[in-house]
Amino acid sequence: MAPRIIVLGRQGAGKGTQCARLVSEYGIVHVSTGDMLRAAVAAETELGKQAEAIMKSGGLVSDEIMNGIVAERLAADDIMANGVLLDGYPRTTGQAETLEAILADQGVELTAAINIDVPLEEVTARMMERGRDDDTDEAIAERLRNYEEQTAPLLEFFAERNKLVVIDGLGAEDEVFARVQGALGL
């Protein structure tokens, strides 16, 4: 069965790198929240039109709309055939419960929620090294604080379901990828 994987981890943990490796190695479809929203808007689906209006006004897309867009995307042929790496969704336990229901309706279940774990000091250093204008000490600290607050309940949610897999994100890309592959049994 094609895998259904959620990728979690602090900013700077190397999620994007590991997702790209999984896509390249196994053909799994990498889908980020932003990608899903843009695709729904471009396809002019009803939910895409609603999301576009909200985004143009500067608002945040509601869980109801986001869950609908996720359900549409997860039913697409490429994901049904090749599986999915979800990046940026779910962000809340409510979204995680909805995801469970969406997958159950498709007759599949979540393979794993991978948390690429890198200590705060290391991800902070990595983000500072990137040199982006918005990567100030204060901005990085705030983003990491927000992540911890939002994600802690998700980690607990998936751990309770025996779906959480914690990967040590320190080391060379190849070492981390080997840990991911081993944890997923790929």
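The values are calculated or read from the model by the stated rules, or taken from the named source; none is laboratory data. What you see is a predicted model; the values in this text were computed from it and never measured. We place every Cβ from the backbone using ideal geometry, glycine too, and count neighbours over all the protein chains shown.
The rows are residues; the columns are (1) in contact with a Leu (Cβ under 7 Å, 6 or more places away or on another chain); (2) under 30 Å from E175 (Cβ atoms); (3) touching a residue at least 12 places away in the same chain (Cβ under 8 Å).
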{"position": "A42", "(1), (2), (3)": "no, no, no"}
{"position": "G58", "(1), (2), (3)": "no, no, no"}
{"position": "G68", "(1), (2), (3)": "yes, no, yes"}
{"position": "G83", "(1), (2), (3)": "no, yes, yes"}
{"position": "A104", "(1), (2), (3)": "no, no, no"}
{"position": "I114", "(1), (2), (3)": "yes, yes, yes"}
{"position": "D135", "(1), (2), (3)": "no, yes, no"}
{"position": "A139", "(1), (2), (3)": "no, yes, no"}
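Taking the criterion of being among the charged types (D, E, K, R), surrounded by 11 or more Cβ atoms within 10 Å (Cβ to Cβ) and either over 20 Å from the mean Cα position of the chain (by Cα) or more than 21 Å from G88 (Cα to Cα) (or both), the only residue of region 133-151 that qualifies is D135. Condition test on D174, is it surrounded by fewer than 14 Cβ atoms within 10 Å (Cβ to Cβ), more than 24 Å from Q95 (Cα to Cα) and at pLDDT below 90? No, not satisfied. Of the candidates L37, L60, the single residue that is closer than 21 Å to T92 by Cβ and surrounded by fewer than 21 Cβ atoms within 10 Å (Cβ to Cβ) is L60. For S24, the stated conditions do not hold, so it cannot be described as at pLDDT below 90, surrounded by fewer than 13 Cβ atoms within 10 Å (Cβ to Cβ) and more than 22 Å from L164 (Cβ to Cβ). For T124, state whether it is assigned to a helix (DSSP H, G or I), touching a residue at least 60 places away in the same chain (Cβ under 8 Å), of a type in the set (V, I, T) and touching a helix residue (DSSP H, G or I) at 6+ places or on another chain (Cβ under 7 Å). Judged against the criteria, T124 is a match.
The numbered conditions (1) surrounded by fewer than 15 Cβ atoms within 10 Å (Cβ to Cβ); (2) within 16 Å of I28 (Cβ to Cβ); (3) small (G, A, S); (4) free of Cβ contacts under 8 Å to residues at least 60 places away in the same chain are all true for G88 except (1).
From the list G182, G107, the lone residue that is surrounded by fewer than 17 Cβ atoms within 10 Å (Cβ to Cβ), part of a loop (DSSP other than H, G, I, E, B) and out of contact with any helix residue (DSSP H, G or I) (no Cβ under 9 Å at 6 or more places or on another chain) is G107.
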